[in-house]
Amino acid sequence: MIHSGGGKFSTWMYRIALNTALTHIKKNKHKGHSVAIDRVVLRQTELYDTVFEERVKILYGYIHQLNVLEKGLMLLLLEGKSYTEISDITGLTPSNVGTRISRIKTKLKSKIIKK
């Protein structure tokens with residue numbers, strides 16, 4: 001579906017959702033709220049992999065430590081969005097998205113290796 005601006009409706013919705021989330025975070029910055037990673041990670045298969053879940057918990061723990069923009073970029077990437085889609089949602093250029101994600105991955109990798 002395409003909205004009147006010419007882009008995909010889903011891109012437009014992600015952009016609104018991201019901006020709304022960023023505004024909400026800025027307004028409530030001092031009112032911490034958290035959700036246990038156990039409630040976020042879905043157990044979609046009968047073959048429950050405790051090692052995989054532990055790794056996911058560690059990854060999300062480090063993602064939680066990133067700044068707001070870095071978190072947004074990584075979560076969009078983890079949702080399977082392409083750099084172009086992330087670019088459309090965030091307003092960054094695709095090359096800027098790629099550069100930032102590469103730097104974030106390096107940062108996360110160094111933190112995980114130190115552990």
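Yes or no, residue by residue, for (1) hydroxyl-bearing (Ser, Thr, Tyr); (2) buried (at least 19 other Cβ atoms within 10 Å of the Cβ); (3) not in a helix (DSSP H, G or I):
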| position | (1), (2), (3) |
| --- | --- |
| LEU73 | no, yes, no |
| LEU76 | no, yes, no |
| GLU85 | no, yes, no |
| ASP88 | no, yes, no |
| LEU92 | no, no, yes |
| SER95 | yes, no, no |
| ILE104 | no, yes, no |
| SER110 | yes, no, no |
Counting residues that are modelled with pLDDT under 80 and among the hydrophobic types (A, V, I, L, M, F, W, C), which helices (runs of 4 or more DSSP H) fully inside segment 1-67 reach at least 3? 9-27
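The values are calculated or read from the model by the stated rules, or taken from the named source; none is laboratory data. Bear in mind that the values here come from a model prediction, so they are computed numbers and not experimental data. Because the Cβ atoms are built from the backbone with ideal geometry, glycine has one as well, and the counts that use them run over all protein chains shown.
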